1. Within region B:246-290, count every residue that is in contact with a His (Cβ under 9 Å, 6 or more places away or on another chain) and either surrounded by fewer than 18 Cβ atoms within 10 Å (Cβ to Cβ) or in a strand (DSSP E or B) (or both).
2. Which residues, counting only those in region A:115-131, are surrounded by fewer than 16 Cβ atoms within 10 Å (Cβ to Cβ), within 14 Å of A:Ile102 (Cβ to Cβ) and in contact (Cβ under 8 Å) with a residue 24 or more places away in the chain?
3. Quick one: which of B:Ile18, B:Ile66, B:Ile103, B:Ile78 is crowded, with 24+ Cβ neighbours inside 10 Å, in contact (Cβ under 8 Å) with a residue 60 or more places away in the chain and either in the same structural domain as B:Ala161 (by TED's automatic domain parsing) or within 20 Å of the chain's Cα centre (by Cα) (or both)?
4. If you scan region A:29-40, which residues turn out to be surrounded by 12 or more Cβ atoms within 10 Å (Cβ to Cβ), assigned to a strand (DSSP E or B) and either more than 9 Å from chain B (Cβ to nearest Cβ) or at pLDDT below 95 (or both)?
5. When the residues of region A:132-165 are narrowed to those that are touching a Pro at 6+ places or on another chain (Cβ under 6 Å) and buried (at least 18 other Cβ atoms within 10 Å of the Cβ), which ends up nearest to B:Arg233 (Cα to Cα)?
6. Go through region B:21-56 and give me each residue that's part of a helix (DSSP H, G or I), more than 17 Å from B:Asp307 (Cα to Cα) and under 24 Å from the mean Cα position of the chain (by Cα).
7. For B:Gly219, all conditions in the list (1) part of a strand (DSSP E or B); (2) at pLDDT 95 or above hold save one; what is the number of the exception?
8. Say whether the condition of being within 14 Å of chain A (Cβ to nearest Cβ), closer than 23 Å to A:Ala64 by Cβ, out of contact with any helix residue (DSSP H, G or I) (no Cβ under 9 Å at 6 or more places or on another chain) and surrounded by fewer than 18 Cβ atoms within 10 Å (Cβ to Cβ) is met by at least one residue in region B:362-374.
Amino acid sequence: MVYEVIVGKDGGKPHRLELEKAGDGWECRVDGQVVHVDAVIPRRDVLSLLVDGHSYEIKREQTATDLHMWVGSARFAVELRDPRSLRSRQKSAGDEKGPKKIVAPMPGRVVRLLVAENSEVEAGQGIVVVEAMKMQNEVKSPKKGVVKKISATPGAAVNPGDVLAIVE
Amino acid sequence: MFKKILIANRGEIAVRVIRACREMGIATVAVYSDVDRAALHVRKSDEAYHIGPAPAAESYLRIDKILDVAKRCGAEAIHPAYGFLSENAKFAQACAEAGVKFIGPTPHSMNLMGSKTSARQQMEKAGVPFVPGTSRGLASAEEGERVAERIGYPVMLKAAAGGGGKGMRLVHTRQEFRSALESARSEAQRSFGDSEVYIEKAIINPRHIEMQVLADEHGNTVWLGERECSIQRRHQKVLEEAPSPIVDPDMRRRMGEVAVKVAQAANYTNAGTIEFLVDQQKNFYFLEMNTRLQVEHPVTELTTGLDLVHLQIRIAAGEKLPFAQSDIQIRGHAIECRIYAEDPDNNYFPSPGRISLLLEPAGPGIRRDSGMYEGWTVPMDYDPLLAKLIGYASDRPQAIMRLERALYEYFVAGIKTNISLFQRILGDADFRAGKLDTGYLDRLLAKSDPAVASLLPGEIKELEKIAAIAAGMFAVLDPASHKNGNGANNSANSASPPSKWKQKGRSEALR
C-alpha cells in the first residue's frame, strides 16, 4: 500500500509511506527510507509498534474532521491520503480568502448573539456565546470580514461542528 | 446501622459513597436525571430512580422529589456528598422532618456557618484568628484611615453585602484611601443597594490551606491534618495535597486546635472542613467552614489511613468516634489531580462529549475515583469533574514521581481533558520547591509550555515518523474503523482478515 501522510497541522510536506507485508512484520518505506516494524492492534484505537526493539504505544483519536496520533504524551495531527484516490485531491485548502464557517467547538447551548448579520467584525471578535457545563464561551471570528449569515438561535442546542455563522 | 442509604448526587462522588456503603453491607439508592440514565452511579447502585430533566434545578436540587424517592424505597438516611444540596440547611431540615437521617451536620450548624457575620461573631468569642480588620461597616473615612494605619497597608475594602469581587478595592497607601473608599461605597450601593463597607488587611499571594475535622454526636471532635489547596483557577481547586509543604507539626497542631474550636463553637457534627488563608509569614486566618465532605478528602484518607465516608455514616448512625486525637498519625504524602473535561487548547473551556477511548492508570500508590467509562457521553449540564487521580507515597518527591508515571498511563480520547496540565504542574520547579499560592496557576499558565520546547527538533522528527507509520498501520490493520482520508482501498482490505460477522452470516446461509 502507498499513502501520502501529512503530519502536523496546516501543511508540512507530505511524506510518501509504503507498507509491505514482510514475514511476521512489515517493511515500511518513509520517503524511501526502509524501516522494519512489527504492529499489533491489542484493542480498538490502540497500536503497539515495535521499531528496532523500541516499543511504542500509539493511540488513535478520530473526530468528524480530524485524525490524531498520540505517541506517548505527544499528539500529532495526521492526514492520510491514498494518492490514487481522486477524492483526496479535492481537499479544500484552508486559506484566508472566501467565506469562513464558524462552528460550535463543543456540545452546548447558544446563550446569545454578539453581532448582527451584515455587521463588520475583526479577527478574534466574539460572534456567539455558547454555554456548556455552567461556563460561557465566546466563539470568535477567525478573520476580519462581514458576518454573512448567522444560523445560531439563542436557546438552541448545538453539537460540535454545527455551523453557527459565516464570515466572509 | 442503616440498612439502606440514598445518595443525592451523581458522578465520581456518588460512586465513591456507593462503594463505602457496599463495603459496609448497606443497600444503596441512586437518583438520576434524564441525561444520567447510563451514568456510572446508576449502574453501580442497588436501586435507582429517575427524578427529572437534566437541569439540576429540576432534578438533583429537588428536595421534594428526592425525599419522595427516599420514602417510597425505605431509605433510612441520605448522603448528600458535595455540591447540589450538600450545604442546604433547608434540605437537612426537610430530611429531619421526613424522619430520614441527613448524613452531615444539623441544619442549625449549617445556618450558622452559612452566614458570614453570625459565624464571625461566634468565632471571635471562641478566640479564632481572623484577618485583622473591622467586622462592621466603617462609620467615616477618618475611622477607616485610623484602622488602616493600625493594621498596616495594604488593606482591602469590602462591601458588607458583597460577593464576587463587587465593591472590593485594594488600597496600597494612605493617599489612595479616600478615593478608593468612595468608589467602593458607590459600587456597593449600585450592586447591592447597601453602601456599607468594611476593611481588612490585604493578604498578598496567600496560601489556601484547610483542616479536616470529624465530630461525633457525643461531643468528641478531632482534627485529621491539613490539605494544601493553593493551586486554583477561577476559584476552582485543581490540585490538592496533604500534608502542606510548609506546615510543620507545631503549626499543624495549632491549626488543628483552632479548627476543633470552630467546630465546637458551632456544635458541629460529622465531617467538616475549616478553610484558612495563610500569609507569607505563615500566620493563618479563618476564612470559612465547609459543612460537607470535600472533593479532596482522599488525600486525607491516604495520609491518615481512615475512611471518611465510613466514619460519616457511622457518626450519623449514632456511633462514637472509634479513636482519640492522640491516635491520629499523619504518614506519607498524597497528591490529588482533578481530571476535568476541559480543553487546554481553548482556555480550559468545558469539553463534554462521548469518550471514545479510555486507558486508566493503576499500580502502586495510585487511587482513582472516577465517574467515567469508555463509551459514556459526558453530559453538558453539570460540573466538568470526571475523576480524581491520587498518588500516595512515603514522601512528596516520590508521590510526584508516581503521579507523573500514572499520568503517562492515563489516556482519554473523544473529549478534551486537563491531564497535560498536571504533567506541567508536577514538572514545574516552583511546584517541586513547594512555592505555592493562590496566584500560582495563573502565573504558570502565562508562561509558555516547556514540554513543547523540551523536545529537540530531531526527536520531534523521529516521533513524527512514528506517527506517520502508525497512521498507515491503523489504516491497513483496522480499515473498517478508519474514517480519515480514503485509506481503505481494495489492496488494504485484502491484507486484513475478513469480517467475522460476514463469515458467520455466510456459513449460516449455507446450512
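The values are calculated or read from the model by the stated rules, or taken from the named source; none is laboratory data. These numbers come from a predicted model, not from an experiment. Ideal geometry is used to build each Cβ from the backbone, glycine not excepted, and the neighbour counts take in all protein chains shown.
1. Initial filter on region B:246-290 (in contact with a His (Cβ under 9 Å, 6 or more places away or on another chain)): B:266-267, B:271, B:273, B:275-278, B:287.
Now narrow it down to the ones that are either surrounded by fewer than 18 Cβ atoms within 10 Å (Cβ to Cβ) or in a strand (DSSP E or B) (or both): B:267, B:271, B:273, B:275-278, B:287.
Total meeting the criteria: 8.
2. Listed by number, the residues that qualify are A:Glu117, A:Ser119.
3. Numbers: B:Ile18 fails: in contact (Cβ under 8 Å) with a residue 60 or more places away in the chain; B:Ile66 fails: either in the same structural domain as B:Ala161 (by TED's automatic domain parsing) or within 20 Å of the chain's Cα centre (by Cα) (or both); B:Ile78 fails: either in the same structural domain as B:Ala161 (by TED's automatic domain parsing) or within 20 Å of the chain's Cα centre (by Cα) (or both).
Of the residues listed, the single one that is crowded, with 24+ Cβ neighbours inside 10 Å, in contact (Cβ under 8 Å) with a residue 60 or more places away in the chain and either in the same structural domain as B:Ala161 (by TED's automatic domain parsing) or within 20 Å of the chain's Cα centre (by Cα) (or both) is B:Ile103.
4. The answer is A:Arg29, A:Val30, A:Val35, A:His36, A:Asp38.
5. For region A:132-165, the residue satisfying everything is A:Met133.
6. Looking only at region B:21-56, we keep the residues that are part of a helix (DSSP H, G or I), and these are B:21-23, B:34-36, B:40-44, B:56.
Checking which are more than 17 Å from B:Asp307 (Cα to Cα) leaves us with B:34-36, B:40-44, B:56.
The answer is B:Val35, B:Asp36, B:Leu40, B:His41, B:Val42, B:Arg43, B:Lys44, B:Ala56.
7. B:Gly219 satisfies every listed condition except (1).
8. yes
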